[in-house]
Amino acid sequence: MKKKIVLADDHAIVRSGVRAVVENLGKNMEIAAELSNGKELVEYAASHKADVYVVDISMPVLNGIEAVERLVKQDPSAKVVMLSMYDDRLSVEKSLKAGAKGFIVKVSAADEIVDAIEEVAAGRFYLCSKVSKYIVQGFLGKNMARKRDGTGLTPKEKEVLQLIAEGYSSKQIAKNFNLSLNTIHVHRNNIMRKLGIHKQAELVRYAIKEGIAQL
């Protein structure tokens, strides 16, 4: 039976490239679904289980880090390979803490993409050659039990903060979540109170620094 791979990336050309690699080089693998943002991934995974999820770290609506956290929370056995344009230590650390078992940069060789999927499907970790210098052990252990975000923001507040940082208006955010404008104002006020931030520009800087939004 073929391994079912779910691909989440907001760039169609990247999805096409990964699909071609998997179909041409992967043994007993098939792309079961292609999704364009983290929200779609979490919703799809709630009713469709895949062997491996290949997830872009930077996506609109709900970024890859937040999406993987939710995915692993609803299915602790979920196996995730994170895709990124960047090979910085912080991105690797946040991905592993979120629950990903693999990390590859988008310029990785085709065989590395397949190797990552095979290794993670087998229950092992995989870091591509560009980030293998980072030691996995340093990201695990006692740090895994530590909250990624010490500010106490709720998942919904993080979603609202991401959209604020991406330039959405309160009215657009309310429409996106099918909530009242007043509810969004409450979320915004709670975010500012918890973070001790009261200016839009500072909220944007915080969201980017913490990996909640990547612009």
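Screening the stretch 85-104 for residues that are crowded, with 21+ Cβ neighbours inside 10 Å and among the small types (G, A, S) and picking the one that is modelled with the lowest pLDDT gives S91. When A67 is tested against (1) over 23 Å from G167 (Cβ atoms); (2) touching a helix residue (DSSP H, G or I) at 6+ places or on another chain (Cβ under 9 Å); (3) small (G, A, S), only condition (1) is not met. Among the residues of the stretch 11-22, are any at positive phi and either over 17 Å from the mean Cα position of the chain (by Cα) or not hydroxyl-bearing (S, T, Y) (or both)? There is no residue in the stretch 11-22 that is at positive phi and either over 17 Å from the mean Cα position of the chain (by Cα) or not hydroxyl-bearing (S, T, Y) (or both).
Being crowded, with 21+ Cβ neighbours inside 10 Å and within 17 Å of Y126 (Cα to Cα), is that true of even one residue in the stretch 31-47? Looking through the stretch 31-47, none of the residues is crowded, with 21+ Cβ neighbours inside 10 Å and within 17 Å of Y126 (Cα to Cα).
The values are calculated or read from the model by the stated rules, or taken from the named source; none is laboratory data. Treat the numbers as computed from the prediction; the structure is a model and nothing was measured. Virtual Cβ from ideal backbone geometry, glycine too; neighbours counted across all protein chains shown.
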